[in-house]
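Contents: one structure, followed by commentary.
The values are calculated or read from the model by the stated rules, or taken from the named source; none is laboratory data. The structure displayed is predicted, hence computed values, not measured ones. Neighbour counts run over all protein chains shown; Cβ positions are idealised from the backbone, glycine included. These accessible areas exclude ligands, DNA and RNA; they are computed on the full protein's heavy atoms, side chains included. Shrake-Rupley method; radii C 1.70, N 1.55, O 1.52, S 1.80 Å.
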Amino acid sequence: MTKIIGITGGIASGKTTISKFLKTKRFAVHESDLVVRQLYSKPNKKFLNHLKKTKLFNAIKKNKINKTIIREEIFNNKTKKKKLEKFIHTEVRKSRNKFLSEHKKKKTKLVFLDIPLLFESRLHNICDCVILLYLPKKFRIQRAMKRKGMKRNILLKIIKSQLSDTYKKKKSNIVINTSKSKKETFKMILKSINYIIGPNA
């Protein structure tokens with residue numbers, strides 16, 4: 001039986017770093033953010049047409065998408081935000097379902113789902129265990145502000161739109177503080193995996 005481990009955490013809590021590390025250790029990892037990044041970096045006709053229908057024309061130039069413009073527009077317009085999120089969530093879900101189906105057929109023992117909005121989307125219900133990557137808000141803001149095109153007012157809106165760390169901690173099986181060094185964080189992740197697998201694995 002395939003065990004599904006959910007990995008979540010607020011913006012800039014270290015999810016991408018952990019997912020990359022798990023991949024180096026040959027674990028099967030599905031990253032929701034990676035699907036989204038690929039969608040934006042290599043937009044297909046379907047996505048471009050959806051952006052046009054959602055009246056996000058300003059964000060498209062020569063079939064390339066400006067994410068900064070999209071962020072600003074959707075966080076100032078709930079209708080546009082809802083329409084765009086619905087499309088993206090559908091694409092991510094298709095990719096995730098395909099990933100799970102393939103690994104269940106292969107009888108992979110352990111798979112990881114890196115999902116930023118795991119609790120918001122109620123996807124913790126499909127997981128056997130949830131690992132929360134926790135980083136105090138002030139440090140997350142510092143990290144996120146280093147990202148290209150990120151603006152403080154938009155960042156604060158993103159944080160506000162997500163569930164609180166207090167709620168996520170209560171709902172998670174394992175909480176890992178990512179304010180330590182990468183080496184220490186990686187050690188804690190591996191320790192958590194050993195605990196999940198159990199001594200009789």
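Residues of the range 18-43 being under 20 Å from Thr185 (Cα atoms) and out of contact with any Lys or Arg (no Cβ under 7 Å at 6 or more places or on another chain), which ones? Correct list: Ile18, Ser19, Lys20, Phe21, Leu22, Lys23, Thr24, Lys25, Arg26, Phe27, Ala28, Glu31.
A quick yes/no check of all residues on (1) on the phi > 0 side of the Ramachandran plot; (2) open to solvent by 20 Å² or more (accessible area, probe 1.4 Å):
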position: Ile7; (1), (2): no, no
position: Arg26; (1), (2): yes, yes
position: His30; (1), (2): no, no
position: Phe57; (1), (2): no, yes
position: Ile69; (1), (2): no, yes
position: Phe87; (1), (2): no, yes
position: Lys94; (1), (2): no, yes
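Out of everything in the range 118-135 that is touching a residue at least 60 places away in the same chain (Cβ under 8 Å) and part of a loop (DSSP other than H, G, I, E, B), what residue ends up being nearest to Gly198 (Cα to Cα)? Checked the range 118-135; the qualifying residue nearest to Gly198 (Cα to Cα) is Asp128.
Look at Ile174 and say whether it is among the aliphatic types (A, V, I, L, M) and modelled with pLDDT of 95 or more. Yes, satisfied. Residues that are without any contact (Cβ under 8 Å) to a residue 24 or more places away in the chain and crowded, with 17+ Cβ neighbours inside 10 Å were ranked within the range 71-80; the one that is nearest to Glu120 (Cα to Cα) is Ile74. Here is the figure for the range 112-126: residues that are in contact with a Ser or Thr (Cβ under 6 Å, 6 or more places away or on another chain) and among the hydrophobic types (A, V, I, L, M, F, W, C) total 2. The number of residues in the range 148-159 being without any contact (Cβ under 8 Å) to a residue 12 or more places away in the chain and under 16 Å from the mean Cα position of the chain (by Cα) comes to 0. Considering (1) exposed (fewer than 12 other Cβ atoms within 10 Å of the Cβ); (2) charged (D, E, K, R); (3) in contact (Cβ under 8 Å) with a residue 24 or more places away in the chain, the lone condition that Lys106 does not fulfil carries the number (3). Residue count for the range 160-201 satisfying the condition of being among the acidic types (Asp, Glu) and touching a residue at least 24 places away in the same chain (Cβ under 8 Å): 1.
A single member of Glu31, Glu85, Glu72 is within 24 Å of Lys157 (Cβ to Cβ) and at pLDDT 95 or above, and it is Glu31.
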